[in-house]
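Remarks on the structure that follows.
The values are calculated or read from the model by the stated rules, or taken from the named source; none is laboratory data. If you're wondering where the values come from, they're calculated on a predicted model, not measured in any experiment. With ideal geometry, Cβ positions are generated from the backbone for all residues, glycine too; neighbour counts draw on all protein chains shown.
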């Protein structure tokens, strides 16, 4: 897919992040309709000429003229929000950093685990786990993790 092909088939609204068809894509998909559907992993995808494309990658192509060689990070961590202002280039490590606590995290706080003496905070970076301390409250441990994430990852640290 190149920018010319993309712009001949789809219109992208950078303020909403949505694509609409310029052409009739099939018997059931007509010009003017919203393009795409939700991907199982929480991203918007668009099927065009026998291939699935992630909408955030197409948005980047539409605006910047080329598909990125690296990952694209959704700044607000919402994979369905494809506004160009919410997208940025990221290497794998930075993209992986900007995530929420995993679903099986019982505390709901990234980098924090309950231990008998309180709440342990730790962070991983470049394959190494760094112990940040054990704290009396989950909030204190969460603050320690957030500060370490900011120090390591800068603007890619989750809010």
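Just need a number here: residues in segment 111-147 that are touching a strand residue (DSSP E or B) at 6+ places or on another chain (Cβ under 9 Å) and under 28 Å from residue 41 (Cβ atoms). Talk me through it step by step, then tell me what you get.
Initial filter on segment 111-147 (touching a strand residue (DSSP E or B) at 6+ places or on another chain (Cβ under 9 Å)): 111-115, 117-124, 129-145, 147.
Now drop any that are not under 28 Å from residue 41 (Cβ atoms), which leaves 111-113, 122-124, 129, 142, 145.
Selection size over segment 111-147: 9.
Which members of segment 14-28 meet the condition of being surrounded by 14 or more Cβ atoms within 10 Å (Cβ to Cβ) and either touching a strand residue (DSSP E or B) at 6+ places or on another chain (Cβ under 9 Å) or over 14 Å from residue 55 (Cβ atoms) (or both)?
17, 18, 19, 20, 21, 22, 25, listed by residue number.
Within segment 33-47, take every residue that is touching a strand residue (DSSP E or B) at 6+ places or on another chain (Cβ under 6 Å) and in a loop (DSSP other than H, G, I, E, B) and give me the one that is modelled with the lowest pLDDT.
Filtering segment 33-47 for residues that are touching a strand residue (DSSP E or B) at 6+ places or on another chain (Cβ under 6 Å) and in a loop (DSSP other than H, G, I, E, B), the one modelled with the lowest pLDDT comes out as 39.
Restricted to segment 1-13, and to residues that are surrounded by 15 or more Cβ atoms within 10 Å (Cβ to Cβ) and without any contact (Cβ under 8 Å) to a residue 40 or more places away in the chain, which residue is farthest from the chain's Cα centre (by Cα)?
For segment 1-13, the residue satisfying everything is 9.
More than 12 Å from the chain's Cα centre (by Cα) and closer than 17 Å to residue 43 by Cα, is that true of residue 150?
So residue 150 fails the test.
As an exercise: evaluate residue 72 against (1) under 20 Å from residue 149 (Cα atoms); (2) free of Cβ contacts under 8 Å to residues at least 40 places away in the same chain; (3) assigned by TED's automatic domain parsing to the domain that holds residue 147 and give the number of the one condition it does not meet.
(3)
Assess whether residue 11 counts as being touching a strand residue (DSSP E or B) at 6+ places or on another chain (Cβ under 7 Å) and either outside the structural domain of residue 68 (by TED's automatic domain parsing) or farther than 16 Å from residue 62 by Cα (or both).
no
Identify all residues within segment 109-132 that are more than 19 Å from residue 153 (Cα to Cα) and in contact with a helix residue (DSSP H, G or I) (Cβ under 9 Å, 6 or more places away or on another chain); write none if there are none. First the steps, then the outcome.
Initial filter on segment 109-132 (more than 19 Å from residue 153 (Cα to Cα)): 113-120.
Result: 113, 114, 118, 119, 120.
Please determine whether any residue of segment 44-53 is under 28 Å from residue 150 (Cβ atoms) and within 14 Å of the chain's Cα centre (by Cα).
So far as segment 44-53 goes, no, none of its residues is under 28 Å from residue 150 (Cβ atoms) and within 14 Å of the chain's Cα centre (by Cα).
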